[in-house]
Amino acid sequence: MLKNLDESTDLEVWRYAKIHGFAIVTKDSDFNDLAIYRGTPPKIIWIKLGNCKVDAIATVLRENYESIVEFLEDDVSAILEI
């Protein structure tokens, strides 16, 4: 079982997402590196906004909903940069 996310290593989050069929939404480039090194699953949605509030991230995710759905259904792509 996964500890609180703020107490988990990137690799623990990666493994948990892989086992449970989740994608990872992150602002952390380390998950990009894991995707390149380990492949998929899980898929990575990399938010490249810099310092911002959660509301800004939620807005970006809503604005890119269709692209995100296409990405998640694509069997080839591992990383979506937004």
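Numbers at a glance
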item: Filter result for Lys48 (out of contact with any Gly (no Cβ under 8 Å at 6 or more places or on another chain) and assigned to a loop (DSSP other than H, G, I, E, B)); result: yes
item: Any chance Val13 is of a type in the set (Val, Ile, Thr), buried (at least 16 other Cβ atoms within 10 Å of the Cβ), without any contact (Cβ under 8 Å) to a residue 60 or more places away in the chain and part of a helix (DSSP H, G or I); result: yes
item: All positions within segment 16-45 that are assigned to a helix (DSSP H, G or I) and aliphatic (A, V, I, L, M); result: Ala17, Ile19, Leu34, Ala35, Ile36
item: Segment 32-82: number of residues that are among the basic types (Lys, Arg), in contact (Cβ under 8 Å) with a residue 12 or more places away in the chain and surrounded by fewer than 12 Cβ atoms within 10 Å (Cβ to Cβ); result: 1
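Only the coordinates and a few stated rules stand behind these numbers; no lab work does. Bear in mind that the values here come from a model prediction, so they are computed numbers and not experimental data. Note that each Cβ is placed from the backbone with ideal geometry, even for glycine, and that neighbours are counted across all protein chains shown.
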